[in-house]
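Student: Dumping the structure here so I can ask a few things about it.
The values are calculated or read from the model by the stated rules, or taken from the named source; none is laboratory data. Everything numeric in this text was worked out from a predicted model, so none of it was measured. Positions of Cβ are generated from backbone atoms using ideal geometry, with glycine treated the same way; all protein chains shown enter the neighbour counts.
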Ligand code: GLA
């Protein structure tokens, strides 16, 4: 049992959620407030309310019904789901506006129940339970003291995984309209005046998810997006931890949002040094008019706690997202090794070029050709064509089927790029429906990559795109879709909603996108969908529910990718990370790297190529064959194993290393890139992780570099015990040349 609820003699109800390594406590007290008591290391089932701060403090606002009691202020007592306007001056979880304009909400505890099943959240992505991984769900009902506005808090506990998924539902039974100005999904009040660090993941196009760690300071630190997507600029995943927490030591709390639109994660330290962390739809740009009888469902936020550092925290997220968020046909199947023509041809391709690329790729073991942007409408550059999802027969004579048949005849699958949420001004769709894009009438609108955003809050818009996409997907044996989204939302206004409901457009847009994805997944269940947003601009847990992998970055430079993939690994499984070997010099940075190194880096994810293999030397093509075979052989270890970050590429400028260990610990892979080759030094020693200490492992090492590099790698080969590799470690082979790299394969021997 993971959920306990107990009423004591004073009439208070104590709620305890337990996972293998954590305890979460809250209490509905005698005043009817739902207090947060504790979230941290697993402890005995004892009430921790003795830690509450109930003191008379200057400026403390105390609830009316407490009479002359000056020691009970919501501002200093940890809250489970704080309502705005009634004495808690910190970030509110919910802010409501009633008919009289009043913005005060006073939520009091009503009741609780345990649900038999974890409920799906209408129209939204969410964790689901499986036979292997069941969840227990607690629902707590709160109600405003004056009006019949109800708030239901949901907690689903995945015990083994140390995961607590939270969401919230608001029901209006007031008989009147209530405007919701904020409805967050989760809150955590840490009832300790101790220093904490906040880790977040900022970025930009071509450099997503850089790790930033800073002390939580007084006031608020807001990590957010108001771009209409989760964005490359900030990611809806944050970590709070002790200042001395490392990869292998210390307390850390993760908070991940299963949503792909505007979000805000706020870390706030108050006057008493208490930290509040919240996550939810960004209140900026949000206002939802909830009519009497209506329900508003907030998205899910996923907490994880680890007492043992960041590696364990990440691995817990990897597991839960692989097993209880990704779905469908491709969830547990090995995904195809692909070749994408974008960096090979950009817009300049036709059937013959694609077939030539596929032919060579197929012979080397590649399984899927992705035809990227440019196959439809009048799309020879990025000025036109979006919205017209009809094959350009000048490029593909005979249409999609003719191309697909030829690709299939080579033993390859065909995948197709779409950017369904966009429209070009130079398109038939735009000419027919000039009001279907997001813009404010009588005002200019912003172009971004020359394109405009379709108003997905409108059903007729979604239906049109659905029908066009479904026609393409039914016209041939298309087995993969790359769903791209290459600009952010501006001038957000919908012709489909009245003036007082324009605050709903951002969220309704997201619900619309999810609806279309769900519809297409249902109709084409065998198609593998890969997300993309100018690279990794919408890399979030929400998308993983629909698409088990996502193009991680438009930056395919192997050295830059070290940092991008490192940052991505904190919150997302490597099985979701689209990574490709591309040409050298690299198209984004101009850097030259060895072919081998590009393979080593791209293998930390769903592997593929993004160049014309016909332009390679015979030796390089042979390397492709080896890489593909190696990746397929080690697919399980990479995509289902445990991932270990062994170095921080932003800090360690000498080398970067990472490791995968198979679930049964019989196999492991250690990859490394020397990022600063020096002469005459003692190479560093690296200690491996996650092996069985007593087991013996056969070690094979391959490397590419100049001079004696390969010999230096082979010199490591032998039989080692797990304890030796984890305790004493392994000396990094002394590799020479530009950006040399190595790969160590470990296999248990009897
Ligand atoms: C985005 C994607 C690229 C490619 C182009 C096509 O930038 O991230 O991979 O598909 O669009 O226009």
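Student: List pairs: first in the range 513-537 and under 15 Å from residue 261 (Cα atoms) and not assigned by TED's automatic domain parsing to the domain that holds residue 229, second within 16 Å of the ligand (Cβ to nearest atom) and assigned to a helix (DSSP H, G or I), Cβ under 8 Å, 6+ apart or cross-chain?
Tutor: Pairs found: 531/543; 536/564; 536/568.
Student: Which of the residues belonging to the range 91-112 are surrounded by fewer than 16 Cβ atoms within 10 Å (Cβ to Cβ) and under 15 Å from residue 26 (Cβ atoms)?
Tutor: Listed by number, the residues that qualify are 110, 111.
Student: If a residue must be touching a helix residue (DSSP H, G or I) at 6+ places or on another chain (Cβ under 8 Å) and without any contact (Cβ under 8 Å) to a residue 40 or more places away in the chain, how many such residues does the range 113-131 contain?
Tutor: Summing the residues that are touching a helix residue (DSSP H, G or I) at 6+ places or on another chain (Cβ under 8 Å) and without any contact (Cβ under 8 Å) to a residue 40 or more places away in the chain in the range 113-131 gives 0.
Student: Still on this model: Looking at (1) within 26 Å of residue 373 (Cα to Cα); (2) in contact with a strand residue (DSSP E or B) (Cβ under 8 Å, 6 or more places away or on another chain), which is the one condition that is false for residue 615?
Tutor: (2)
Student: Sticking with this structure for a sec: Select from the range 529-564 the residues that are away from the ligand (no atom under 16 Å from the Cβ) and part of a helix (DSSP H, G or I) and list them in ascending order. Give the derivation first.
Tutor: First pass over the range 529-564, keeping only residues away from the ligand (no atom under 16 Å from the Cβ): 541-542, 544-546, 548, 558-559, 562-563.
Once the filter is applied, which keeps residues that are away from the ligand (no atom under 16 Å from the Cβ) and part of a helix (DSSP H, G or I), the range 529-564 yields 541, 542, 544, 558, 559, 562, 563.
Student: Test residue 578 against the stated conditions and say whether it is without any contact (Cβ under 8 Å) to a residue 60 or more places away in the chain, within 16 Å of the ligand (Cβ to nearest atom) and either outside any loop (DSSP other than H, G, I, E, B) or within 22 Å of residue 629 (Cα to Cα) (or both). Break it down into steps so the answer makes sense when it comes.
Tutor: Numbers: without any contact (Cβ under 8 Å) to a residue 60 or more places away in the chain: yes; within 16 Å of the ligand (Cβ to nearest atom): yes; either outside any loop (DSSP other than H, G, I, E, B) or within 22 Å of residue 629 (Cα to Cα) (or both): yes.
Yes; evaluated as a whole, the condition is true for this residue.
Student: Shifting gears a bit: Filter the range 424-452 for residues that are in contact (Cβ under 8 Å) with a residue 60 or more places away in the chain and surrounded by 22 or more Cβ atoms within 10 Å (Cβ to Cβ); which is nearest to the ligand (Cβ to nearest atom)?
Tutor: Start the filter on the range 424-452 by keeping residues that are in contact (Cβ under 8 Å) with a residue 60 or more places away in the chain, which leaves 435, 438, 449-451.
Still in the list and also surrounded by 22 or more Cβ atoms within 10 Å (Cβ to Cβ): 438, 451.
Values: 438: 20, 451: 10 Å.
Once the filter is applied, the top-ranked residue is 451.
Student: Also, I was wondering about something else. Between residues in the range 613-634 that are under 14 Å from residue 600 (Cβ atoms) and residues that are assigned to a helix (DSSP H, G or I), which pairs lie under 6 Å by C-beta distance while being six or more apart or on different chains?
Tutor: Pairs found: 623/595; 627/599.
Student: Right, next: Filter the range 1-28 for residues that are surrounded by 19 or more Cβ atoms within 10 Å (Cβ to Cβ) and without any contact (Cβ under 8 Å) to a residue 40 or more places away in the chain and give the result.
Tutor: Hits for the range 1-28 are 14, 16, 23, 25, 27.
Student: While we're on this one: Kindly indicate whether residue 421 is within 16 Å of the ligand (Cβ to nearest atom), in contact (Cβ under 8 Å) with a residue 60 or more places away in the chain and touching a strand residue (DSSP E or B) at 6+ places or on another chain (Cβ under 8 Å). Steps first, answer last, please.
Tutor: Values: within 16 Å of the ligand (Cβ to nearest atom): yes; in contact (Cβ under 8 Å) with a residue 60 or more places away in the chain: yes; touching a strand residue (DSSP E or B) at 6+ places or on another chain (Cβ under 8 Å): yes.
Here the answer is yes, as residue 421 does meet what is asked.
Student: Considering only the range 380-394, state which residues are touching a strand residue (DSSP E or B) at 6+ places or on another chain (Cβ under 8 Å) and either within 12 Å of the ligand (Cβ to nearest atom) or not in a strand (DSSP E or B) (or both).
Tutor: Let us first name the residues in the range 380-394 that are touching a strand residue (DSSP E or B) at 6+ places or on another chain (Cβ under 8 Å), namely 382-392.
Answer for the range 380-394, where residues must be touching a strand residue (DSSP E or B) at 6+ places or on another chain (Cβ under 8 Å) and either within 12 Å of the ligand (Cβ to nearest atom) or not in a strand (DSSP E or B) (or both): 382, 383, 385, 386, 387, 388, 389, 390, 392.
Conditions (1) touching a strand residue (DSSP E or B) at 6+ places or on another chain (Cβ under 9 Å); (2) assigned by TED's automatic domain parsing to the domain that holds residue 218; (3) within 23 Å of residue 273 (Cα to Cα), marked per residue:
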| position | (1), (2), (3) |
| --- | --- |
| 26 | yes, yes, yes |
| 37 | yes, yes, yes |
| 44 | yes, yes, no |
| 48 | yes, yes, yes |
| 55 | no, yes, yes |
| 61 | no, yes, yes |
| 70 | no, yes, yes |
| 77 | yes, yes, yes |
| 89 | no, yes, yes |
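Student: Oh, and also: Could you tell me whether any residue of the range 135-142 is more than 29 Å from the chain's Cα centre (by Cα) and either assigned by TED's automatic domain parsing to the domain that holds residue 276 or surrounded by 20 or more Cβ atoms within 10 Å (Cβ to Cβ) (or both)? Before you say what the answer is, go through the steps one by one.
Tutor: First, the residues of the range 135-142 that are more than 29 Å from the chain's Cα centre (by Cα): 141-142.
In the following step, the residues that additionally are either assigned by TED's automatic domain parsing to the domain that holds residue 276 or surrounded by 20 or more Cβ atoms within 10 Å (Cβ to Cβ) (or both) were identified as 141-142.
The answer is yes; a qualifying residue exists.
Student: Quick one: is residue 516 away from the ligand (no atom under 16 Å from the Cβ) and either in a loop (DSSP other than H, G, I, E, B) or buried (at least 24 other Cβ atoms within 10 Å of the Cβ) (or both)? Walk me through how you get there before you give the answer.
Tutor: Numbers: away from the ligand (no atom under 16 Å from the Cβ): yes; either in a loop (DSSP other than H, G, I, E, B) or buried (at least 24 other Cβ atoms within 10 Å of the Cβ) (or both): no.
No.
Student: Of all the helices (runs of 4 or more DSSP H) wholly in the range 279-372, which have at least 3 residues that are surrounded by fewer than 22 Cβ atoms within 10 Å (Cβ to Cβ) and more than 16 Å from the ligand (Cβ to nearest atom)? Even if it seems obvious, please write down each step before you answer.
Tutor: On the way: elements: 310-324, 342-345, 351-363.
Hits in the range 279-372: 310-324, 351-363.
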